[in-house]
Structure formats: C-alpha cells, structure tokens
Amino acid sequence: MKRTLGLIFLASVVGLFSCEKTDRPDETANWWVRADYKGIKSEEIGFIYHYMDGSTNKRAMSQVSYNRNGTRASCKSEDQEIYYYYNPDGTYDKTECIYYVYDNSSESFKKSWSCTRKYEYDNSGKFVLLMGYLSNPLSIGDGPLIPNLSRVTDTNIFTDRTTVDVWDYSFDGDKLTVTFSRDNNETDDPIVIEYRGAYPYQGQDAYAFFGPVTYQDNGMFDTIHDGRFFQGEKSSERTVYYQKGRTDKMLIDKIVDTDEGVRSFFYNEQGDCIKTMLNSDVIMTAEYEYDSRGEWINKIEKEKYYENGHPHDRTTYQYRIVEYY
C-alpha cells in the first residue's frame, strides 16, 4: 500500500474541490452539505497571485484562477501546473497536471499526469470519507465527507503508463467496508469503519487509526483522536479540537500530541490564524492586511524554529494580488 499512498494523496487533494449537488441527505443546515472546499470567501474571485519574500529573495508561490461559481480553474507554481475541469452540473470531472523533474545534471524536463474521476452514489444516508483519507486516517480532518458516496473511479494517465483506481464503499448497518483496487487487482485488506448515525466514528488499518470522533450540532468535526502504528505498535497519538469560525471555516483549536505536547491556534474575525503556541511558547505570529472584500493581500509571519537544538527566528513576507470578475 505504501507504493500507492503518493498517488492516493494527490488524487484525494483533487477531490477537495468537488461539490456534487444531487442525492444528498435532506440536511440543509449540515456543514458538509454547505461546506466550501475552495478555501475562499467570495465567488467573484478571478485570480489570486501569491508571492513570498523571504530573507534571501522574492519568488512566486502560486497563481490560482477561479471559475465564476468559485471552483478552482487552475493552479500554477514554480514546478507544476494543475488544471481542473467540471461537469455541467458543477461536479468535478478531470484534472490535468504538468510538472517538472530534474535529472542528475540538474536539468529539468517536463512530465504530465491527468486524472478523470467518476463518482457513484446510493441512498445510504451516510456521510462518507473521500478515498485516500482512509488509507491514511491521520488526515481524516483534512478531507471532505461526501453524502451517499458509493464508488470512486480514477483513470490516471501518466507520461509512460495508465492506471485505473477504484474505491468501493459498502454499508452493512453501521459498518462501512472500503476496498481499493488498481487495474482490477485488489491491493490491500478491506478497511472497516464504524459509524454512529450518519458519520464515521472510528476505524483503522495496518498503518494508522482514528476515533473516537465527536461532531458539532451541524455535523462538522468537534474532536478527532487518531494516531499511527509502527511494527504493530502505536507510535503516535493525538487529539485534534475543531471550532466553527465566524467565516464558517473549519478551524483547528488545538492539537494534543503525545510526543510534542499541546499546539494551540488563535484566529482573527476573518478566520485566519494569527498565533500558534507550542505548550507555553509562542512559535508563530501573523499580521494581515485585507482588501475591501475581505481577502488578505499582505501577510507578515514571524516564526520560531529550532535547528540542532538552538532557537532561531524567521520572518516571512507574503502578498497576494487578488483580481475579481
């Protein structure tokens, strides 16, 4: 399974921008029905140019373009370009990626990857984790819960090969069984996830576990307990606490880690993180400047980090050029 994790993660990131509008449970107040996976506050944004000015030089981080309904159209960075395509009803259809790799002589050459995705649904009335986050349950808080999802099929076309990945979701009462196959060959034992009502409660595979999970009244995560296994033993555990921001973002309140301690996060009214603490130490602060529509255009981030046991300070300046329709 380790060989497939990279592709699964990449494919699951693509799925964050899907927004199927049919066959959903009748829960109009539910956070997962209303969730905005696009990470922006306005549907009128055309482009965001994101730049970083570090201690050495200024460089472009990303250039993101959006469709008029707020879904991403493309994302470009220094080493890759990603293009997103949607069906007429607004559901995610296809992603194309062009990326650059370097050989031993440090010369870059271009490669490509595309993924065409097909979603299938049933009438389970359950909110299902998008594939990819099941083989790495530590990421359960990062992925969407999609109502009535029953199967996902990805056709991946690389420069030198084509693969077909299929995730099947099958319920038996409050037990969800997930199977993954590549090119019609099942690659791992099925994963069984226990549900409480409409939401996943706990589950595990050979590499990681999550649960118990509690939810807020609107269905959004409240707390998640998860961890990893190493050679059959638990190697790490953590509990993540979420809060509902004023901007309806999913915000992390704090992370309690068995090795690291307590990492706490603080936000402003716009839902952007302004301070991070590790136990009693402030390890990050951020200041923002916003435009008239509430998108930040300047950010100053001061960070404390350790290298060879010695503390260091770093200041990063970021700015965004936001263009609207």
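The values are calculated or read from the model by the stated rules, or taken from the named source; none is laboratory data. From a predicted model like this one, the values you see are computed outputs, not experimental measurements. A quick note on method: Cβ atoms are made from the backbone with ideal geometry, for glycine too, and the neighbour counts reach across all protein chains shown.
The residue pairs whose first member lies in the range 211-229 and is in contact (Cβ under 8 Å) with a residue 40 or more places away in the chain and of a type in the set (D, E, K, R), whose second member is assigned to a strand (DSSP E or B) and surrounded by fewer than 18 Cβ atoms within 10 Å (Cβ to Cβ), and whose beta carbons are closer than 6 Å, counting only pairs six or more residues apart or on different chains, are R228/S235; R228/S236. Of all residues in the range 151-198, those satisfying the criterion of being touching a helix residue (DSSP H, G or I) at 6+ places or on another chain (Cβ under 9 Å) and hydroxyl-bearing (S, T, Y) are T163, T187. Whenever a residue of the range 115-130 is in contact (Cβ under 8 Å) with a residue 60 or more places away in the chain and under 23 Å from Y201 (Cα atoms), its partners that are crowded, with 17+ Cβ neighbours inside 10 Å and among the basic types (K, R), lying with C-beta atoms within less than 9 angstrom and at least six residues away or across chains, give the pairs Y121/R24. If the condition is being surrounded by fewer than 17 Cβ atoms within 10 Å (Cβ to Cβ) and β-branched (V, I, T), then the range 253-282 contributes V256, T258, V262, I274, V282. Restricting attention to the range 137-176, and to residues there that are part of a loop (DSSP other than H, G, I, E, B) and touching an Asp or Glu at 6+ places or on another chain (Cβ under 9 Å), which single residue is modelled with the highest pLDDT? Within the range 137-176, the match that is modelled with the highest pLDDT is D174. Being without any contact (Cβ under 8 Å) to a residue 60 or more places away in the chain, over 30 Å from W113 (Cα atoms) and not basic (K, R) is a description that applies to G232.
Note on the range 51-85: residues that are at pLDDT below 75, crowded, with 16+ Cβ neighbours inside 10 Å and either small (G, A, S) or assigned to a strand (DSSP E or B) (or both) total 2. For the range 259-267, check the following and say yes or no: at least one residue is within 30 Å of K126 (Cα to Cα) and either of a type in the set (F, W, Y) or modelled with pLDDT of 85 or more (or both). Within the range 259-267 (the criterion being within 30 Å of K126 (Cα to Cα) and either of a type in the set (F, W, Y) or modelled with pLDDT of 85 or more (or both)), the answer is no, since none of the residues qualifies. Of the strands (runs of 3 or more DSSP E) lying entirely inside the range 184-233, those containing at least 1 residues that are more than 20 Å from the chain's Cα centre (by Cα) are 191-196, 208-215, 221-230. Cβ-Cβ distance below 7 Å, separation of 6 or more or different chains: which pairs start in the range 286-304 with a residue that is at positive phi and end on one that is of a type outside the set (D, E)? Every condition considered, the pairs that remain are G294/K41; G294/Q270. Taken as a whole, the condition of being at pLDDT 90 or above and among the acidic types (D, E) does not apply to E295.
Restricted to the range 90-118, and to residues there that are under 28 Å from V322 (Cβ atoms) and assigned to a loop (DSSP other than H, G, I, E, B), the residue that is modelled with the lowest pLDDT is G90. Within this structure, E301 passes the test of being out of contact with any Lys or Arg (no Cβ under 8 Å at 6 or more places or on another chain), among the charged types (D, E, K, R) and part of a strand (DSSP E or B).
Filtering the range 275-300 to residues that are under 16 Å from H50 (Cβ atoms) and of a type in the set (S, T, N, Q) leaves only N298. Candidates are the residues of the range 283-325 that are surrounded by 16 or more Cβ atoms within 10 Å (Cβ to Cβ) and polar (S, T, N, Q); the one that is farthest from R72 (Cα to Cα) is T285. For the range 119-136, the set of residues classified as in a loop (DSSP other than H, G, I, E, B), at pLDDT 80 or above and surrounded by 14 or more Cβ atoms within 10 Å (Cβ to Cβ) consists of D122, S124, G125, K126, listed by residue number. Considering Q231, Q243, the condition of being under 28 Å from E44 (Cβ atoms) and at pLDDT below 90 is satisfied by Q243 alone. Number of residues in the range 255-281 that are out of contact with any Gly (no Cβ under 9 Å at 6 or more places or on another chain), of a type in the set (A, V, I, L, M) and under 24 Å from G227 (Cβ atoms) equals 4. Among the residues that make up the range 258-281, is at least one of them acidic (D, E), assigned to a loop (DSSP other than H, G, I, E, B) and on the phi > 0 side of the Ramachandran plot? No: zero hits.
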